[in-house]
Each structure stands twice: as structure tokens, then as C-alpha cells.
1. Each residue of region B:140-153 in turn: what ³J(HN,Hα) in whole Hz from Karplus with 6.51, -1.76, 1.60 and θ = phi - 60°, glycine and Pro shown as x?
2. By accessible area of protein heavy atoms, probe 1.4 Å, what ranking do A:474, A:480 get, highest first?
3. Summarise the partner chain shielding of A:93-105 as one whole number: the mean count of Cβ atoms from other chains within 10 Å of each residue's Cβ.
4. Could you pull out the pairs from A:68/A:107; A:477/B:202; A:440/B:202; A:68/A:142 whose alpha carbons sit more than 32 Å apart here?
5. Sort out for me the Cα centre separation of region A:250-280 from region B:69-83, rounded to whole Å.
6. Under 11 Å from the Cβ of residue A:14, count the other residues' Cβ atoms, weight Lys and Arg +1, Asp and Glu -1, and hand me the total.
7. On the full set of protein chains, 1.4 Å probe, figure out the accessible area of residue A:117 and give it in Å² to the nearest 10.
8. What order do you get for B:187-196, A:237-246 when each peptide is scored by the mean count of other beta carbon atoms within 10 Å, highest first?
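The values are calculated or read from the model by the stated rules, or taken from the named source; none is laboratory data. None of the values given here were measured: they were computed from a predicted structure. Quick reminder, even Gly has a Cβ in these numbers, built from the backbone with ideal geometry, and neighbours come from all protein chains shown. Areas reflect the complete protein model, heavy atoms only, side chains present, ligands, DNA and RNA absent. Shrake-Rupley method; radii C 1.70, N 1.55, O 1.52, S 1.80 Å.
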Amino acid sequence: MPQHDVLVIGAGLAGQRAALAAAETGASVGVISKVHPVRSHSNAAAGGINAALDPEDSWESHAFDTVKGSDYLGDQDAIEVMCREAPDEVLRLEHLGVTFHRSDEGKLGTRAFGGASAARTYYVADITGQALLHVLYEQLMKHDEVTRYEEWFTTALARDDSGRLAGAVTRNIRDGSLELFTAKAVILATGGNGQIFNPTTNALICTGDGIAMAYRAGAPLMDMEMVQYHPTTLAGIGLLITEGARGEGAHLLNAEGERFMENYAPNKMELASRDVVSRAEQTEINEGRGFPDGTVALDITVVPRHRILQSLREIVNVGRDFAGVDITSEPIHIKPGNHYVMGGIKTDIDGQTDVPGLYAAGECACVSVHGGNRLGANSLLDTLIFGRRSGVHAAQMGRGMAQPTPAGSELAREREAIQSIISRDRSGRRLSEIKAEMGKVMDEQVSVFRDEERLRGALEVVKRLQEEVKTVAVDDKGSVFNQDVLGALELQFMLDNAECIVMGAIERKESRGAQFRTDFPERNDDEWLKHINLTADGDIPAVSYSDVTMTQWEPEERTY
Amino acid sequence: MSILDKILGRDEEPADGDGPKNEAAGYTLKIRRYDPESGETAFWHEYDVDIAPERSVLDGILYAKDHEDASIGIRCSCRAAICGSCGVRINGKSALACNTRISDAQAKAGRGKPIVVEPMGNMPVLKDLIVDMDAVHWKKIQRVVPWLLPDGEPPEREYIVPAESMIDVTQSMACIQCGVCVSACLSLEVDPEFVGPAALAKAYRFVGDPRDGQTEERLRDLAEDPHGMYDCTHCFACIEVCPKDVAPMDQIMRLRRRATGDYEIKDKNNGYGHGKAFVDMIENWGTLHEAQMLPRSFGDGSMIKGQTEPGAVKQLVEALPTAIRGLKSGKVTPKAVLFHPKLPDQDNVRKIYKAIESQGERLELNLYIVADNSADEEGAMAEGTKEGLA
Ligand SMILES: Cc1cc2nc3c(=O)[nH]c(=O)nc-3n(C[C@H](O)[C@H](O)[C@H](O)COP(=O)(O)OP(=O)(O)OC[C@H]3O[C@@H](n4cnc5c(N)ncnc54)[C@H](O)[C@@H]3O)c2cc1C
Ligand code: SF4
Ligand code: SF4
Ligand code: FES
């Protein structure tokens, strides 16, 4: 039974940053990840990380952009913390070895990003997330007081008799053994849930495991309806073309060759907030001004070639390898696609959830700094700031505390659940078919434009699939790298996430940020300037509300 | 197209499946399966998959998992050559499954033949296409002290460093630790202790980083390790297979140039002598005088002139079987040891040397930016042309 002061589940940027911060206080730390840490999805972040580091810039400006970007649903205390601490965090990472882009004078250099009033995005070519993740992993290799459980899959959280978080049940993927880990504090840093949708920019591992586990353990989920559709994804496979492309000056064109953003955001044009640009594109497509394959075009050829090769290399490769297009010489077809979940496990500014001893940070958490719409390059920042804060707080909280004792039944229950999946004979559909149906219904009915009727339809499908997955069988009957049985567990996690997303979307009867209800097309501050919280409660989640924290910015109309 | 193909101006073979885009086509994947729990050895199984020609081999494998047998083991996540999970060998060549187009793989396999997919080489197989990266790849990464070791306390703000130096190390930073080069490396096959292409590229990420304070120690360590930077045989395999254009062999050459040029580290592996002999010979003859390579490497001059350093004699004797094999096979003739023709335009070679030596600092290629073979952009190409000479 492995024991730690702090147990971090997830080793993307949030998890690694939390582990490092906790270890630096002297706590014993375990980090669990279902894939090798550098395979975590944070490595896909191309564009960069925001910080008001330039003396000409100010954290207030960054904070205001974030508040406005969130469509006023972000909690302003949390946003202030994030933006104020951003410059030091970026410097810290620079000192640890991140090879940030430099200006001619050798100082940190920036690029422009959407929804921002200053160029404050720091970057490493277009591999920012990868560079940050690998540098943090270098530090984990250096700090041997952090124990890494690489390729271990957490299946459930465990509580003690008082209801306090006490550990987690985890399967060693290499040999199939199941262990109960105990810890004084558990930090969930399990990332997003994009795989619920098909297509998505998210990797195959982004299945919302931590969000579902926290929900099952009684923690409320907040603003789950807020799902970001990114304006520039490849049709079909959903791979992302970074916002950095528009940051470098690329244009969006409809099939008539018109730079249509003029009609939607005359000032910011392509660099308006993501929800705004995605809706503009979808409107063009729906009204027949898109290409026959349901796309519009992104024209990067207007960016100087040398600049493209220097800082957008990754998408040159993506265009070439995955769409057969040389983006330096021709426009590429793109459409809005699932990308990010703003909602998640409700936490305070130190990462604490409503369940004592349970923390969450990164994309699985909802602090909330992103509110209804996340600005580009604010997520990496979120993972690092709140990863660090959770790590520090969890370590301090555990100091002097006795090791808790999990109530005991969890390990046996999980073992039995896994065994029953493995030993079951096939009847009914394959896992892949259930997943495909979920992905399709979510993309068709719970995406850029939503309405009550189609949301209700989606909820029905999700509820049906939740039943179906309870009896699903798998092909792999082994113990070593049984990815099939893990797939079954992930699908259950995803369906819980899907249910909460749809529930939140039905509940929120207004249009704000990423949620656009064609039946309630206006933002309604009088009734809906509040968070929607969902708590597990038998068959359907219980709904409650909490206030949005305001400090210095009153809601205004949002134009770009 | 691999970098090597680009350098050599080789054109890609035409893709199979000439049907229109986005239309599903039939392919057969022949996958090497291994179940460690069965007590049986590995076996082959063929899977028919129906996917569009521009989709990847990984999509093909996922198709087989989704439709036929979900127990096929393969690590994968991003589907976009970013996470580094899906290294395999396709038709014998190490590659990422997710950025190998299935129609290209079919073309390489030949019409009507199955596409052969096996686990990576040089690492133990755990199950099906999953290998033990920890036992080999990550152990080697750990070997090169893979974290920044700056001198003293960090500055209040950022370290001020030349913009180019950051771009320069970003090429090795672009490594996704997929292990594909490790799988392909010939030296590793012969000497499993070799630190290997990925770890040496990682080492350059620190050696080339002006913020690191242990440059000389790092170089000395890797020069003196008999399995270190001089254990590479310049076979180009790692450059050819690397999906991220990290060009590990180039990074190894830069380590060597740093070690010999900047720090004059005379290692016991005699890499310094070897490198110097190489450069001197090209300056004199324009081509490699293979028969003179061994003696010159081990002494500071030609064996014939009797200038071999005493310390190197032992190693030279150890290397004699190679020389004798060379003589026997006719690759090295006694005459060739004594006479080596000069290139007709040897004067031009000398000029290139002069031009390079007159530069204040050594010029390094940055393939990372020059990832393109068109020459329309001054800024980016300038750097490339320079190295073309070095
Ligand atoms: C294509 C793309 C580009 C992006 N670009 C940007 C950008 O430019 N700027 C920006 O700010 N943001 C960007 N984002 C968003 C940002 O990358 C992510 O939100 C962020 O990296 C999430 O980090 P994380 O640490 O929360 O989770 P992740 O990095 O996803 O890590 C999750 C971790 O949890 C582990 N895990 C999950 N479930 C389990 C389980 N059951 N058991 C054990 N371990 C588990 C995984 O193994 C992994 O280690 C981008 C996102 C995408 C998809
Ligand atoms: S060039 Fe050197 S490092 Fe690269 S594969 Fe060949 S022997 Fe290995
Ligand atoms: S150098 Fe290239 S092939 Fe080798 S591990 Fe890195 S990315 Fe993979
Ligand atoms: S799946 Fe990530 S590199 Fe291939």
C-alpha cells in the first residue's frame, strides 16, 4: 500500500507543477499518470502562455481581458491571482530551462493572441506546451523525492470514515495489479474530456477521468456546459491549427474569398475571442458561404514565409502530414471543433474542492478563471499557477496530520468491477460503437449552437449509453497492458462527463461565452450571472447555484 | 519525406491507392503480436482495414482494434506526432505510426503485399507493439544528467541570451522522446551500452544552452565514456527516421565539435584525433583517405611518417583486425595506403576551409528552421548555406 503525504493524479503541466511545488516544501509526493508524463496532453499546446511581464503591460490589463473573455462568468478574485502571479511563474520556468523565444536583445519575446489587448504570449516556436512539459519532467527526474508511478491508472478515489479523502485505487497497467494508495491530500490533475466529442483536438487520453471520479466522490462540478469549440481545426480528424497562426496575421476567408470577420468583429477581426470567431465561422457555414466540405479557409500565406518556418513549423507539418496541404503556399480548410472544457471540478484559489482533502488543478478543475470562454494561452498559465498553489497548500495542510485510513471497501469493489468486465462474454455492441455514438450526438447536438429540444435528445442518448456500457464486454482478457478494459472504464467516465455537460447546457437558459442557445439568444445577467453546480445524486445530478465573485469589473456588453 | 531524402533530392515514391481523397480503401496490416502471459512466442496476424489513403498507419491499427480485436496493444494518444507514444517499425523501418500515411506504407510494402508492423527495435517487447522504453530509452536519458545546471543564483528577470542560441537548442528541445531513433540506431545494435542518439541530442540541449554552467564537464563526460559521443558511426539512420527533424547525429557532431574545437578535450577514445584526422584529410585531398584514417586518428599524423603517439598504439593494435579485414577484402589496398588521389578542384576545398576559418566563430546549421528546401527567404536560408560548407 503506497503511502504519501501528497498524491498527485495526473502528470501533465498541472500535475507536474503541483508535485514539484509540494516536493519543494519537503513533503513526500507520489505522482500517478496513466501514460508516461511527457505523453500527457499538455504537450499539444502550441501557441504559448500569457503573462503581463513587459513593464509596459499590466496584470490588470491581462485580468480585464480574461474577465471580458470569460463573458463575466470568471471569478475575478481567481483571475487576479492568476494574472498577478503569471510573470513570476514564467520567469521561474525560464530559470528552470525553458527555451523561450527571445527578442533581438536576448530578452523574452512575445506574440499576439486572441482576445488580448497586448502581445503578452510567451512561446517556444510552436511547441510551447511540449517545452514546458519536458522541462518540468527534467526537474522531476532531478528530484528523486518525488516517486513517479508511470503507466498507472487510477480507477476511483477512496475516503475515510469521516468522508475525508484518503487515497485512490490505482491499477498498474504493466502487470494489472491493483493498489490502494493512501495520502493526506489528493490532487486531481487529470486534464480535459474532449474525447466525449468527435471530432476533437484532444488526444485519445483526454477522457475526463478525474472529473468523473471527483463527481462520484461527492465533489460538485461547476459550469460543465462551457465547452470551447476552437475556430481552427481540421475537418474530419479534428487536429488543431494553433491560434498562433492568426496571431501571426493569418486571415479567415469564406468560400467567396471574403474576410468575413469584418462583419462580426470589425476591430479585433480574426483575433476576437474564440467563441465569437467559432460562431462567426459556423454562421458562414450554415448560411451557405462555406466550402462543400463544411469548412471555411485559413489563409496563412499572408504571413512571411520565414516567420512561418521559424514559429509555425509544427502546423506546416500538420498541414503537410495530415491534410496534404502546404500552408505556406495555399489556404487550408478548417472549422470549429471541440477543444477545451472551461467547466470542471469546483475549487477555490488554492485548489481545494468541497470534499476535504481533495484538490483539483488544471483543465479538470474550475476555479473559475475561464468562465464562459477561455482565452488562448491562458490555460497553460492556469495549469501552472493553480498546480503550484494546490501543491503548496496540500503539502502544508498535511503537515503534522496522521496518515488517514481509507474506509476499505473501495479496493475490493474496484477489483470486482474490473474483473467482471474482463470475464464477461460478449453480448451487444462493441465499446468502440458506443463511443462513436456518444461522440456523434455530442458534436451534433451539444456544440456551437444549442437548443432545448436537441439537448434533451442528447441527454436521452447519453442515459441510454450509460446503461448499455454497464454490460459491455472486452476482447482482451489479460493483465499486461490491458488497454481494452481501461477503455471500458474511460467510457464510463466520459458518459458521466457528457451527462453533466448536457445537464448544465439545459439548465443555463441564456447565451453566454461558449454556450449559445438559439432559443435564448441573449446574455441574461439578471438571472444567469451565476455558476451552475452539479452534484451526484442518484439517477440525475442535483443542481445548485453559486455567485460569481466580482472585484473591480462590472459586466459590460462584449464587443471585439 | 525524410531529411535525408531532402538532402539527397530523392523524390517520394508515388503513393498507392490513387482513388479520390477521403474515400476509404482496403489495406492489410500484418501485425506482430506477442502476449507475455500466453507462454507462447510472437506470431503474425493480418487485419483488413478500410480507411482513406491519407489516414495514418495508426488509424489503420485503431480501425483493427475498433472493429476486430481490441486486445492489440499499442501506445498512442495524440494522433499528431506530438506525444511520442506510437513508435513502431513499418515494413522494417522505424517510424511513428500516426505520421506514416497508410498509402505510403502500402507503396513501400509493394502492391498486393501486406503492410508489416512490428514493435521498435533495440528495446525489449512487453506486449504486441509495446516496448520497454524505461529499460533502454529513459535510462539513457537519465544518463546525460538531463536538467539545466546554471551557475549561481538566477537573475532577477530572465537570463539574457542570444535569440539564435535559443532557436538553436530548440531543435533538440523539439524531441518528443519517441525512441524511434533508438530503435533504428546501428551502433546501439552492436553496443547496447551506447548512450544513443536521443540521449545525446538531449545532452546537446544543455551543452548548447548558454544558461548551463557545466558545458565542459558534460562534454568531457560524454567524450570519455567509451559508449559516449564517439560511439556513433555516422550511419544517418537516426536523422532519416526522426519524425521531428531533431537530427540526432547532427547534434552528436556538434557535441564533438564543441568538445574538440572549444575545449580541445583529448579523450581516451581518441575521438579528438579521429575528428582532426578527418578534417585534415579533407583539406589535403578533398575526399577521405580511408586507409590513413586509422593511423592518423590514433596519432597526430600518418603512421608512415612514424608519428603515432605511444598512448594510441594499444588501441591501434586492437583495431588492426579491422585493417587486415580491409586489406583482405580488397577495400584497402597497400597502394592506396601510400597514394591517394587529390580531387581535381582541391583548390576550391581549400578555399572553403579558408572562408570558414576566417569567420570569428564556428557556424552551426540550424535544420530546425531550414526545414524546407526552397531558397526564397534570406534570413532562414543564410544559416543553412553556411553549414552546407562545414
Ligand atoms: C491541441 C491543443 C492545443 C492547445 N494549445 C494551448 C495553448 O497554446 N496555450 C494554452 O494555454 N493552452 C492550450 N491548450 C490547452 C492546454 O494544453 C490544456 O488545457 C492543458 O495542457 C491541460 O493540462 P493538464 O495538466 O490539466 O492536463 P493534461 O496535460 O491533459 O494531463 C492530464 C494527466 O492526467 C493523467 N491522467 C488522466 N486520467 C488519469 C487516470 N485515470 N489515472 C492516472 N492518470 C490519469 C494523464 O496521464 C496526464 O498525465 C491546448 C490544448 C490542445 C488540445
Ligand atoms: S548516426 Fe550515430 S547515433 Fe545516429 S543512428 Fe547512426 S550510429 Fe546511431
Ligand atoms: S530524436 Fe527524434 S526520433 Fe529520437 S526520440 Fe527524439 S523525436 Fe524521437
Ligand atoms: S500518437 Fe502521439 S506520437 Fe503518434
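1. Karplus values, whole Hz, x for Gly and Pro: 6, 4, 4, 4, 8, 6, x, 8, 5, 10, x, 7, x, 6.
2. The most accessible residue leads, giving A:480, A:474.
3. Average neighbour count from other chains, rounded to a whole number: 6.
4. A:477/B:202; A:440/B:202; A:68/A:142
5. Spelled out, the Cα-based centre of one part sits 35 Å from the other.
6. Cβ neighbours under 11 Å give a net charge of +1.
7. 80 Å²
8. Sorting B:187-196, A:237-246 by mean packing, highest first, produces A:237-246, B:187-196.
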